[in-house]
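So the structure is just underneath, and the comments pick up after that.
Laboratory data are not the source of any read-out in this text; all were calculated from the coordinates shown. Given the structure is predicted, the values throughout are model-derived calculations rather than measurements. Using ideal geometry, Cβ is built from the backbone for each residue, glycine included, and neighbour counts are taken over all protein chains shown.
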Amino acid sequence: GMPALPPPTLAPRRKTRQIKVGKVLVGGDAPVSVQSMTTTKTYEVDTTLQQIAELTAAGCDIVRVACPHQEDADALAEIVQHSQIPVIADIHFQPRYVFAAIDAGCAAVRVNPGNIRKFDDQVKEIAAAAKDRGTSIRIGVNAGSLDPRLLKKYGKATPEALVESAVWEASLFEEHDFHDFKISVKHNDPVVMVKAYELLSERGDWPLHLGVTEAGPAFQGTIKSSVAFGALLSKGIGDTIRVSLSAPPVEEVKVGLQILQSLNLRERKLEIVSCPSCGRAQVDVYTLAEQVTAGLEGMEVPLRVAVMGCVVNGPGEAREADLGVASGNGKGQIFVKGEVIKTVPESAIVETLIEEAMRIAEEMGEA
Ligand code: SF4
């Protein structure tokens, strides 16, 4: 038969220069990658590697580790050696750790020019060392640590101020013929952040790392990041993303992947199409949806599972999905690929859906 067309996206990706972050390509036609950052003390190598392994299992493409002290810098080589995904060292204040991270074999180094005094004088050496080792750089401009000169000029961290800082720092690297860098211009306000990235994307073809900084606890941070990334990615802006949450980093990865899947920038994996429930519901939809979601967590095949509270839209949605249930009268009609395969009592709905999902997944080649 005809090969399936890829699902539509809202806009073509904007053309950016492609760089390498270790084995992961960022920019150009590379898929938008998902990043997170460890919360462990970096010098505690075992716990850091344990967290990196959890992030890797959750689908994280690139991990960043903080490097505030010499003992952290000293731990980088071992972390890089054992991590399955590229490691970026996050450096503020101390240029000498930038060199340490490059020496340690980090895939990339994040520098925050606003926090590195006399940074400009060091760019030449940083560029030379990075080029030598094939290390890429992230120029990470952040509203909270904007260059004092620009803060004075603009009064606060406006989109224009963030972009002027980023373009200036980029030019310093470009003067030394170094181009393997991406840029972020983070702000905690999604509106300022979106405007800053829009402006920045007009100024050059640098690959862009999206982030809403200090986005907050999981609920607020998820929404802020989704709205901001959605606004940008729907215009094709953004090459790699990091959702910042005051929550375990695995949650950041899950949210990031879900954002990309929602925009068809990643293959959708498990998708639960559940109704919000209403006065017509003849079954506890929330509990049912939660139990099905929990039972199918980690499923690695694209599967649409409909969980519907009654027969109004139930059969229709359940038919559109790979698998579904439409409830009514203390029973659930189980649909597979549009056909009712059985009717089970309410108490057996969850286990039947999970069973059928496993069977379908196996048929698809993975379980
Ligand atoms: Fe209400 Fe039924 Fe629609 Fe669910 S499927 S929201 S219960 S009408």
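Worth pointing out:
- Rel. contact order, % - alpha carbon contacts under 8 angstrom, at least six apart, the stretch 206-288: 26 percent
- Working note: Karplus 6.51/-1.76/1.60 with θ = phi - 60° gives the stretch 253-268 the couplings 5, 4, 5, x, 5, 5, 4, 5, 5, 4, 9, 6, 8, 9, 4, 6 Hz, where Gly and Pro are set to x.
- Contact order for the chain, expressed relative to its length and based on alpha carbon pairs under 8 Å spaced 6+ residues apart, stands at 13 percent.
- Sorted peptide list for 353-360, 95-102, criterion being average Cβ within 10 angstrom, highest first: 95-102, 353-360
- Neighbours of A104, meaning other residues whose beta-carbon lies under 11 angstrom from its beta-carbon, give a summed charge of -3 when Lys and Arg score +1 and Asp and Glu score -1.
- Residues with amide H under 5 Å from that of S274, placed H, sequence gap 5 or more: V307
- Amide H contacts under 5 Å for C67, placed H, 5+ residues apart: D90, H92
- Cross-link pairs beyond the 31 Å C-alpha cut-off, checked among K224/K269; K15/K337; K254/K342; K254/K337; K23/K124; K23/K337: K15/K337; K254/K342; K23/K337
- Spatial separation of Cα centroids for the stretch 289-367 and the stretch 7-32, in angstrom: 35 Å
- Mean sequence separation of contacting Cα pairs (under 8 Å, at least six apart), scaled by the length of the stretch 38-105, corresponds to a relative contact order of 34 percent.
- Within the shell defined by Cβ-Cβ distances under 9 Å, the residues around G134 carry a net charge of +1, with Lys and Arg each +1 and Asp and Glu each -1.
- Neighbourhood net charge (13 Å Cβ-Cβ; Lys/Arg +1, Asp/Glu -1) for V285: -3
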